[in-house]
Protein chains: 2
Amino acid sequence: MSEALRGPAATTRGRLRPLGLGAATITGGFWAPRQARNGADAIPSGQDQLEKAGNLHNLRLAAGIGTGEAIGPVFADSDVYKWLEAAAWEYGRNPDDDLHKRIRDLTVVVAAAQREDGYLDSVVQLRQGDEGRYQELVWSHEHYCAGHLIQAAVAQVRCTGDRGLLDVAIKLADHLFATFGDDKTVDVDGHPVIEMALVELYRETGTTAYLELAKWFVDARGHGIIERHGHSAAYFSDRVPVREATSVEGHSVRAVYLAAGAADVALETGDSDLLDALKRQFDHMWSTKTYLTGGLGARWEGEAFGDEYELPPDRAYAETCAAIGGIQWAWRMLLATGDAAYADAIERMLYNGFLAGVSLSGTEYFYVNPLQLRGAAYPDTGRSPAHGRRGWFDCACCPPNIMRTLASLDAYLATATEDAIQLHQYAAGTITSGEVELTVDTAYPWDGSVRISASTPTVVELRIPAWAEGATLNGEAVAAGGYARGSGQEFELLLPLVPRIVGADPRIDAVRGCVALERGPLVYAVEQADNTANVDDLHLLPEAPIATPSDVLDGVTILTARGKIGTGHRGGWAYRTDADDSTGPEVDVVAVPYYAWANREIAVMRVWLPRA
Amino acid sequence: MSEALRGPAATTRGRLRPLGLGAATITGGFWAPRQARNGADAIPSGQDQLEKAGNLHNLRLAAGIGTGEAIGPVFADSDVYKWLEAAAWEYGRNPDDDLHKRIRDLTVVVAAAQREDGYLDSVVQLRQGDEGRYQELVWSHEHYCAGHLIQAAVAQVRCTGDRGLLDVAIKLADHLFATFGDDKTVDVDGHPVIEMALVELYRETGTTAYLELAKWFVDARGHGIIERHGHSAAYFSDRVPVREATSVEGHSVRAVYLAAGAADVALETGDSDLLDALKRQFDHMWSTKTYLTGGLGARWEGEAFGDEYELPPDRAYAETCAAIGGIQWAWRMLLATGDAAYADAIERMLYNGFLAGVSLSGTEYFYVNPLQLRGAAYPDTGRSPAHGRRGWFDCACCPPNIMRTLASLDAYLATATEDAIQLHQYAAGTITSGEVELTVDTAYPWDGSVRISASTPTVVELRIPAWAEGATLNGEAVAAGGYARGSGQEFELLLPLVPRIVGADPRIDAVRGCVALERGPLVYAVEQADNTANVDDLHLLPEAPIATPSDVLDGVTILTARGKIGTGHRGGWAYRTDADDSTGPEVDVVAVPYYAWANREIAVMRVWLPRA
């Protein structure tokens, strides 16, 4: 164990060694104000929301404080734990006494809610009592809640040094180890996350039983042991064993959390067969079931991955939590393999599918992240983007998940090997590894220049994104896709941020004949607010878009492309032998980064526009 | 009331007067063998399925026969009533003693299950007792079950003369009238159908209270009186009053059943404002929310209509029941207005969106009717077409709905006015109105020739479908869209069945750049079974397809078009600046009628193919 590592997935067994908070520190640029709002506004308001929604009430009741009944969904505790994890990482970035007190006070409640034998799930305790434990694990989320508690405990001890929550986590994990396994209870939770958590607890404590149990949970799945509860085995990633699966399927968050946990197991056990299976699954997901934004999950029904190439922009589910789980999985694959493609994937998810899930203000969230919204938006359920971002949800998995991701983002920037430091994501800040301190100065993703100063001569490996054709390092051309290696003290990387017009694999039926705009890591969206013509009528011409810095949306670079206004529309029966898609006058088409959409109004938005 | 009218929607107040079974009789051609299989196989096996699924068990228990608990969903009774309705129409077409005995025996059970005061819902009676009545009408389907019982009772008395079920229906309707209304209980069922049913009972009995209550139910909706039960008000068609709505929204079957009931109210009360509102809604649905197949409902989530132009072929829900409800609504609009567009709509729904819901064998059903199935079909829930048609469903609304539609199909062929007989659908058979008997001889839809002989000189009005450019009546050109009027005794109508290549309104994003094949009333589908190239790779050329009679699929006319094989496919990240949709060698593309798909294997199927 790296003694000082303050970040998630603190493995020492992969090709790359993570650095953690403090060793990697974002100090400016694109992400710093987002992290500041996360710490100053989102995390405090999150605690208020947990109070209002009853999550804290449940834990207090289970702790013997007050009277009443459990409120909310069965997984209510998990949101508290995700908040505690976010608060711990935030404290790691920015130690603050008030935050520390909040963490400690809440930890006392959680500890008091735990049963004598280590069991802990306030909702089950209150609603069903001890006899109700694990009675319908497929739906009860008991291991899911336990997993988030363990993750919070690990973050807490890594960032505050406090063992309060860790003691609870160890007692709970010991109880789980005593309860589940081949000669014990043979069952798995309908919602993975316990796998990642147990491996982290193993990394933190060195107790191999936790790794063993994580491995058991990974391998127990896929043999149809999960009762269906109205869903297919695929929904629970229980149709095919992880080692045999060739793709992801079912509920997207469950699927990627499971895969991330399996990657953790593969990392720590050196199981190359399992790792190879996960590589195949990630590749297949990335080439056939991923949106341009890195969004995962094509179906509202079952919050699920669709078939290959089933990627409708309008009905994309692309849950914010799925992008987060995708980042967690890709990060573990990156550590295991050192393959830059995983860092490219993280970048895409981070700047697009993930970041669209939170407002510029930092305190309003999207659960669902489509790539198109029509003007005539159907009055839908509370998760619909047609209502705009919201302060909280009945099922509030996403907001605290965003908080913990932003608070721990520094940890995803860089890694080290014996002989080099790898920079995977470019953000203004400092990177420390051993004796070396790197200072990174960049306005990325608005500007493609990244200047790095090392405190002493060193070797760096800088990711050159696959899109970055024409990149140079210290004036020398470097290949796009992979890492450019350099040694010395001063480095200047230039990533050409030429606006790109991209098309889709023709097998993606839903965007046939359409193109989208990108620049650097950013996918762009065309919003009604920036365009006078109806955005649903716009067709894009192939002329190169122009990038212009602006003041809108906290200062994004806008893209101005050329397009034509469609004139093929008419009323009556929609299908005809003379149906056409003709276009009229030319107009400018103004696009803003996708992550920033729906911060001004809820109106027509499109990532994909028809080719003129 | 027309004394002898044996069919649904027996109104005398519209522009057109329905004729009913017996007056219109299908004797051969396309539909006769389908009706024969419906009577000989589907209806008997349906009763077995109702026995197996517990629906009959519930009613017996409520009748005091046997012991046990209610089984199945809250709306279980409704499937029994739809079966009883189907059996009654079938008896009307083809009187059979065994069927009559089955109907009578089951009617005795239903009558015995009814409570003293007229209330009847076996599941509520068994699970909640008398106190449980109407406690959560939004979800309990109590009026929905009542509506189907009333419809069955009306069919029974019209076709068998038996009043057994009618007495139950009257007692139940009287109970409803005594219970619901402005000064009584102000609530409506989450699932409409009671509206249509009460109007039919009024037509049968002359009791105006039933019409009054139907009107009240129509008008009570849309004021947010429905508790949500986890769904939006739109789901229940409760967001906007029927009179103010400009479109359909929410659960598609609920929406079209409500609209059909409202049309019944408008018909009988002469409420032209209500009728105008329904015209607007139908037009809007038909031009913006209807699939090429006439399928209704774009979303699996909430089984709902989507936004305008949101019509994905792969994730189409297009529930079989929605097509049936659409036919019922269109039929009432046709009777009210005499507008041939409604008969065109019925034809499209009947031959495509509806008929795909039942196998060629007549006893296997689709719940969901997409316009595309990918090869890599996701293992989904029991309703998924990726499993093929099924003998029954947990939620078994569709199978008995298909049975009652096929058994009463004769009633949708023709109507009469003072001075003419209108033929809306062309089927081999006889039409009797007053003194006149028409004999219709046709192999439609395979052949476009329809020969009609009248027993005495008469005036006929023959629907010329909007697609039938170049049609002739007795050698004279007649305009497509509307009715061609002729007088005499012998008529020969020629509807040119030229294969058509149709495109979609460019606002339907999901099929941009694609075309589909049609011939006459039939939409065609390209199935893997008929093509050697991967159907997902095929692109269609604009060359005229060739129609060829065949023996496949019980003898369909196949279409052979020309296409090219797509070569733009590749692996890796699916979005690139050089993405293209290029094509290689030319091939034949063989298509079969959409209704017949999935009768050989479950593999790739497409209605829409990219343009080459």
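The values are calculated or read from the model by the stated rules, or taken from the named source; none is laboratory data. This is a predicted model, so every value here is computed, not measured. Every residue, glycine among them, receives a Cβ derived from its backbone with ideal geometry; neighbour counts consider all protein chains shown.
Filtering segment A:61-77 to residues that are surrounded by fewer than 19 Cβ atoms within 10 Å (Cβ to Cβ) and of a type outside the set (A, V, I, L, M, F, W, C) leaves A:64, A:66, A:67, A:68, A:69, A:72, A:73. When every residue of segment B:419-429 is checked against the conditions, none turns out to be touching a helix residue (DSSP H, G or I) at 6+ places or on another chain (Cβ under 8 Å) and part of a helix (DSSP H, G or I). Scan segment A:30-72 for residues that are touching a Gly at 6+ places or on another chain (Cβ under 7 Å), free of Cβ contacts under 8 Å to residues at least 24 places away in the same chain and among the small types (Gly, Ala, Ser) and the total you get is 1. From the list B:504, B:484, the lone residue that is buried (at least 20 other Cβ atoms within 10 Å of the Cβ), of a type outside the set (Asp, Glu) and free of Cβ contacts under 8 Å to residues at least 40 places away in the same chain is B:484. Here residue A:153 meets each of (1) surrounded by fewer than 19 Cβ atoms within 10 Å (Cβ to Cβ); (2) touching a helix residue (DSSP H, G or I) at 6+ places or on another chain (Cβ under 6 Å) with one exception, condition (1).
For every residue, the table says whether it meets (1) surrounded by fewer than 16 Cβ atoms within 10 Å (Cβ to Cβ); (2) under 25 Å from residue A:511 (Cα atoms).
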position: B:526; (1), (2): no, yes
position: B:530; (1), (2): no, no
position: B:542; (1), (2): yes, yes
position: B:556; (1), (2): no, no
position: B:584; (1), (2): yes, yes
position: B:594; (1), (2): no, yes
position: B:599; (1), (2): no, no
position: B:606; (1), (2): no, yes
position: B:611; (1), (2): no, yes
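Quick grid of which residues meet (1) closer than 18 Å to residue B:612 by Cα; (2) in the same structural domain as residue A:595 (by TED's automatic domain parsing); (3) among the aliphatic types (A, V, I, L, M):
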{"position": "A:506", "(1), (2), (3)": "yes, yes, no"}
{"position": "A:516", "(1), (2), (3)": "no, yes, yes"}
{"position": "A:521", "(1), (2), (3)": "no, yes, no"}
{"position": "A:524", "(1), (2), (3)": "no, yes, no"}
{"position": "A:541", "(1), (2), (3)": "no, yes, yes"}
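With the structure loaded, tell me whether residue A:532 is β-branched (Val, Ile, Thr), assigned to a loop (DSSP other than H, G, I, E, B) and modelled with pLDDT of 95 or more or whether it fails that test.
Working: β-branched (Val, Ile, Thr): yes; assigned to a loop (DSSP other than H, G, I, E, B): yes; modelled with pLDDT of 95 or more: yes.
The answer is yes for residue A:532.
Residues checked against (1) among the aromatic types (Phe, Trp, Tyr); (2) more than 21 Å from the chain's Cα centre (by Cα):
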site	(1), (2)
A:31	yes, no
A:35	no, no
A:58	no, yes
A:68	no, yes
A:71	no, yes
A:83	yes, no
A:113	no, yes
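The set of residues in segment A:558-582 being among the charged types (D, E, K, R), more than 22 Å from residue A:529 (Cβ to Cβ) and either crowded, with 18+ Cβ neighbours inside 10 Å or modelled with pLDDT of 95 or more (or both) consists of A:581 alone.
Quick one: is residue A:600 out of contact with any Ser or Thr (no Cβ under 8 Å at 6 or more places or on another chain) and more than 9 Å from chain B (Cβ to nearest Cβ)?
Here the answer is yes, as residue A:600 does meet what is asked.
Selection over segment B:577-593 of residues that are touching a strand residue (DSSP E or B) at 6+ places or on another chain (Cβ under 6 Å) and under 28 Å from residue A:502 (Cα atoms) gives a count of 6. Taking the conditions (1) under 30 Å from residue B:359 (Cα atoms); (2) more than 12 Å from chain A (Cβ to nearest Cβ); (3) assigned to a loop (DSSP other than H, G, I, E, B); (4) over 26 Å from the mean Cα position of the chain (by Cα) in turn, residue B:589 satisfies each one other than (3). Note on segment B:522-539: among residues that are more than 11 Å from chain A (Cβ to nearest Cβ) and among the aliphatic types (A, V, I, L, M), the one that is farthest from residue A:581 (Cα to Cα) is B:529. Within segment A:25-47, none of the residues are on the phi < 0 side of the Ramachandran plot, surrounded by fewer than 16 Cβ atoms within 10 Å (Cβ to Cβ), modelled with pLDDT under 95 and not assigned by TED's automatic domain parsing to the domain that holds residue A:443.
Restricting segment A:488-521 to residues that are out of contact with any Pro (no Cβ under 6 Å at 6 or more places or on another chain) and under 22 Å from residue A:334 (Cα atoms) leaves a set whose member that is nearest to the other protein chains (Cβ to nearest Cβ) is A:495.
Condition check for residue A:301 on (1) within 13 Å of chain B (Cβ to nearest Cβ); (2) touching an Asp or Glu at 6+ places or on another chain (Cβ under 9 Å); (3) touching a residue at least 60 places away in the same chain (Cβ under 8 Å): one failure, at (3). All of (1) within 30 Å of residue A:416 (Cα to Cα); (2) touching a Pro at 6+ places or on another chain (Cβ under 9 Å) hold for residue A:336 with one exception: (2). Residues in segment B:544-571 that are among the polar types (S, T, N, Q) and under 19 Å from residue B:502 (Cβ atoms): B:557, B:560. Looking only at residues of segment B:561-586 that are among the charged types (D, E, K, R) and part of a strand (DSSP E or B), we find that the one that is nearest to the other protein chains (Cβ to nearest Cβ) is B:576.
Within the set A:488, A:482, the sole residue that is in contact with an Asp or Glu (Cβ under 9 Å, 6 or more places away or on another chain) and at pLDDT 95 or above turns out to be A:482.
Could you tell me whether segment A:333-349 includes any residue that is polar (S, T, N, Q), part of a helix (DSSP H, G or I), without any contact (Cβ under 8 Å) to a residue 24 or more places away in the chain and more than 14 Å from chain B (Cβ to nearest Cβ)? Checked segment A:333-349: no residue is polar (S, T, N, Q), part of a helix (DSSP H, G or I), without any contact (Cβ under 8 Å) to a residue 24 or more places away in the chain and more than 14 Å from chain B (Cβ to nearest Cβ). Taking segment B:540-560, which residues are in a strand (DSSP E or B) and within 14 Å of chain A (Cβ to nearest Cβ)? B:540 - this is the single residue of segment B:540-560 that is in a strand (DSSP E or B) and within 14 Å of chain A (Cβ to nearest Cβ).
A single member of A:261, A:230, A:222, A:295 is of a type outside the set (A, V, I, L, M), over 21 Å from residue A:335 (Cα atoms) and either surrounded by 22 or more Cβ atoms within 10 Å (Cβ to Cβ) or not assigned by TED's automatic domain parsing to the domain that holds residue A:143 (or both), and it is A:295.
Restricting segment B:205-218 to residues that are more than 14 Å from residue B:172 (Cβ to Cβ) and not small (Gly, Ala, Ser) leaves a set whose member that is surrounded by the fewest Cβ atoms within 10 Å (Cβ to Cβ) is B:208.
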